[in-house]
Amino acid sequence: MMSFQTFLDQAWMDHGHQTQNVVGRFNEGLRLVEKSGDVVALAHLITHVMGEHLGDWAEGRSWLNRLSENPHAKTTETLQALARFDAVLVLSGGGDVQVSKFTPSEWVRVLAMSASCVCERRETARAGGFLREAVRVAETGLSASDPAFRNLAITGNNVAASLEERSDRTSVENELMLLAAETGRTYWEKAGTWLEVERAEYRLAQTCLKLGEASRALKHAKAGLIICLANEAPALELFFTHEALFLAYRLAGDKEMAEYSRASLVQEFENLADDDKAWCAKTRDSVVAMGL
């Protein structure tokens, strides 16, 4: 019999390109739940798939309701988690949520996930509103080690990365993209290691490149390089840092430094593990082919 963790790992791997297929496996997930942690993990998957990918708020809530009937869903912590995920679907769907039912930390997490959900539906103004409110609450009502900081960091990174991929961004989406990337950088400083902070600098550099802001992109790419060097970062981190530096120098018109960064990227590519080379080759080839 498949373990719950095997089910969950496969579902997360497949959900982006086999979304409806993953929904069809939710019943299997319900049967495999063995402890309260499984309930929370499945609730997260359901909310992400039904909210962020499908925008089917009512059906998502129906699945959460079924999950709440599981015997392992009766602990206080698990019930609180289910309430948060349900609130995300209600809020994202335009319904009213009683804020007083949640602690500031819980409300930040609800707002952050809701921002991701509605951003994917291209409800940019609402996404920005949720994210700004989450940051406001986080800055005024949370302790220095609150776990909600990690949620904000993840949301910031994911929203920025998603918006970067859109070729038809509006000015409002550009504004949200920068806010999200800045939020990711700020809160990975609180919730992550040097690795997450370095990657947040890369995300900010890429966002600034999309906005045509060469000097700011260069600032964040250089910050990422400094972090890599200070922590003896592996080749994969240096590879993408040099990609960001190349693109920033190229946008700034500094051909000499752009060429130096390109050569550094090619050199770091050779230091990658074979598995990493397979998926990084496209980036290397793209950079090599770019004119200055």
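The values are calculated or read from the model by the stated rules, or taken from the named source; none is laboratory data. Quick caveat: nothing in here was measured; it's all calculated off a predicted structure. Note that we place each Cβ from the backbone using ideal geometry, even for glycine, and neighbour counts take in every protein chain shown.
Taking the range 235-256 as the search range and keeping residues that are surrounded by fewer than 19 Cβ atoms within 10 Å (Cβ to Cβ) and under 22 Å from residue 196 (Cα atoms), which one is nearest to the chain's Cα centre (by Cα)?
It comes out as 236.
Residue 106: at pLDDT 95 or above and either acidic (Asp, Glu) or buried (at least 22 other Cβ atoms within 10 Å of the Cβ) (or both), yes or no?
The answer is yes for residue 106.
Here are some conditions: (1) closer than 21 Å to residue 154 by Cβ; (2) more than 14 Å from the chain's Cα centre (by Cα). Residue 170 meets all but one. Which one does it not meet?
The one condition residue 170 does not meet is (1).
Say whether the condition of being more than 24 Å from the chain's Cα centre (by Cα) and either aromatic (Phe, Trp, Tyr) or not in a helix (DSSP H, G or I) (or both) is met by at least one residue in the range 80-94.
no
Can you tell which of 256, 189, 237, 243 is acidic (Asp, Glu), in a helix (DSSP H, G or I), at pLDDT 95 or above and touching a Ser or Thr at 6+ places or on another chain (Cβ under 8 Å)?
Result: 243 is the single residue among 256, 189, 237, 243 that is acidic (Asp, Glu), in a helix (DSSP H, G or I), at pLDDT 95 or above and touching a Ser or Thr at 6+ places or on another chain (Cβ under 8 Å).
In this structure, does residue 118 turn out to be crowded, with 23+ Cβ neighbours inside 10 Å, aliphatic (A, V, I, L, M) and more than 29 Å from residue 32 (Cα to Cα)?
For residue 118, the condition - crowded, with 23+ Cβ neighbours inside 10 Å, aliphatic (A, V, I, L, M) and more than 29 Å from residue 32 (Cα to Cα) - is met.
Run residue 92 past the list (1) among the hydroxyl-bearing types (Ser, Thr, Tyr); (2) crowded, with 18+ Cβ neighbours inside 10 Å; (3) more than 21 Å from residue 150 (Cβ to Cβ) and report the number of the one that doesn't hold.
Only one criterion is unmet by residue 92, namely (3).
Listed residues 182, 259, 213, 196; which is surrounded by fewer than 22 Cβ atoms within 10 Å (Cβ to Cβ), without any contact (Cβ under 8 Å) to a residue 60 or more places away in the chain, of a type in the set (Asp, Glu) and over 26 Å from residue 162 (Cβ atoms)?
One residue alone meets the criteria, 259.
I'd like to know if the range 5-16 contains one or more residues that are out of contact with any helix residue (DSSP H, G or I) (no Cβ under 9 Å at 6 or more places or on another chain), small (Gly, Ala, Ser) and at pLDDT 95 or above.
No, the range 5-16 contains no residue that is out of contact with any helix residue (DSSP H, G or I) (no Cβ under 9 Å at 6 or more places or on another chain), small (Gly, Ala, Ser) and at pLDDT 95 or above.
Would you kindly identify the helices (runs of 4 or more DSSP H) lying entirely within the range 1-42 that contain at least 1 residues that are of a type in the set (Gly, Ala, Ser)?
Per the criteria, 4-14, 26-32.
Out of all the residues in the range 66-77, which are exposed (fewer than 15 other Cβ atoms within 10 Å of the Cβ), over 26 Å from the mean Cα position of the chain (by Cα) and not in a loop (DSSP other than H, G, I, E, B)?
66, 71, 76
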